[in-house]
1. Which order do W132, W127 fall in if you start with the one that has the fewest other Cβ atoms within 10 Å?
2. In which sequence would R107, R70 go, from the one with the fewest C-beta neighbours within 10 Å to the one with the most?
3. Under the √(5λ) rule applied to the eigenvalues of the Cα gyration tensor, what semi-axes describe the equivalent ellipsoid of region 26-152? Give them in Å, descending.
4. What list of ³J(HN,Hα) values in whole Hz, one per residue of region 26-33 in order, does the Karplus curve 6.51 cos²θ - 1.76 cosθ + 1.60 (θ = phi - 60°) give from phi, with Gly and Pro shown as x?
5. When L126, L114 are ordered from fewest to most other Cβ atoms inside 10 Å of their Cβ, what list results?
6. Find the Rg to Rh ratio for region 159-263, where Rh is the Kirkwood radius over alpha-carbon pairs and Rg uses the same atoms.
Amino acid sequence: MILSRSVRTSLQRVKPTLNISYRLYHNAVAKFTTIDLNGIPFSYDTGIMIGEPGENYIYIEPDIGQAIRRALVSQIKFGSATHHDTLPLQFNHRSLCFTHQSFSLPRIELQQNLGDSKQDVSSATLWLTGNWNAITLDGTPDAQILRLYETNIVRARPTQMTYLESAVFSPQQHKNYGQDDAFQLAGILAQKITLNHPFQDGNKRTALVAASMFVQLHGYQLREPFFISDEMDEKIKDAHVAVATRQWDAEKLASFYESITTSL
């Protein structure tokens with residue numbers, strides 16, 4: 001169950017975020033303006049999910065994400081980029097709008113600001129994957145997480161994306177009920193991925209990668225022997241097999257994670 005070199009390299013690029021803000025989503029309404037086939041602008045309200053003021057992301061419905069893609073493709077020639085899973089946008093902190101840097105439409109108008117930038121405009125990325133499409137401000141922890149998700153998870157082609165996304169949201173739900181220990185939340189995340197079987201194969205390995213990213217974002221890392229010791233590798237494997245066979249619960253897995261990590 002040793003992690004591949006590429007995954008280890010990706011994890012090393014994750015910047016630890018001590019006292020990280022746990023995501024609390026709120027339903028909100030945004031105004032979406034785009035152009036029709038004749039190039040005529042039209043607007044309508046759309047539901048979004050958004051965090052607390054100062055957060056760096058929103059979630060939009062996939063049909064809005066695809067509408068943005070179509071509108072941009074109709075105005076400029078993306079070529080092969082029309083099939084990419086991300087699109088570059090920007091966020092204007094004065095007008096509270098997401099747009100492309102070269103066009104005023106399509107546009108998403110919010111009712112609150114994002115981030116804490118002192119600049120008027122921040123670069124952003126639209127992620128065209130998942131049951132909801134995320135838009136994140138570039139260079140933020142939210143963008144890092146989604147880039148890792150896109151690189152190491154989506155490309156692995158989950159057979160049950162809904163199960164995977166449910167597992168990814170599980171730490172947030174437990175946080176809402178008062179659980180705030182990083183290792184307990186990492187154990188919950190790994191348990192959900194392992195038991196929900198979002199992948200045809202590699203669920204335990206994926207759970208380990210997710211837990212490793214999670215604790216690293218909270219200022220911890222798996223100890224070096226984890227990557228080089230056969231004995232430690234066997235312990236890791238046995239722990240995740242114990243979860244998969246329901247011999248261990250999330251709490252016991254959390255205690256195990258805590259025993260093999262050190263502060264960054």
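Every read-out reported here was derived from the displayed coordinates using simple, explicitly stated rules and does not represent laboratory data. Computed from a predicted model, the values in this text were never measured in an experiment. Positions of Cβ are backbone-derived with ideal geometry, glycine not excepted, and every protein chain shown enters the neighbour counts.
1. Ranking W132, W127 by Cβ neighbours within 10 Å, fewest first, gives W132, W127.
2. R70, R107
3. The three semi-axes for region 26-152 are 21, 18, 14 Å.
4. Once θ is set to phi - 60°, the couplings for region 26-33 become 10, 6, 8, 10, 10, 9, 9, 10 Hz.
5. Ordered by Cβ neighbours within 10 Å, fewest first: L126, L114.
6. Ratio value, two decimals: 0.95.
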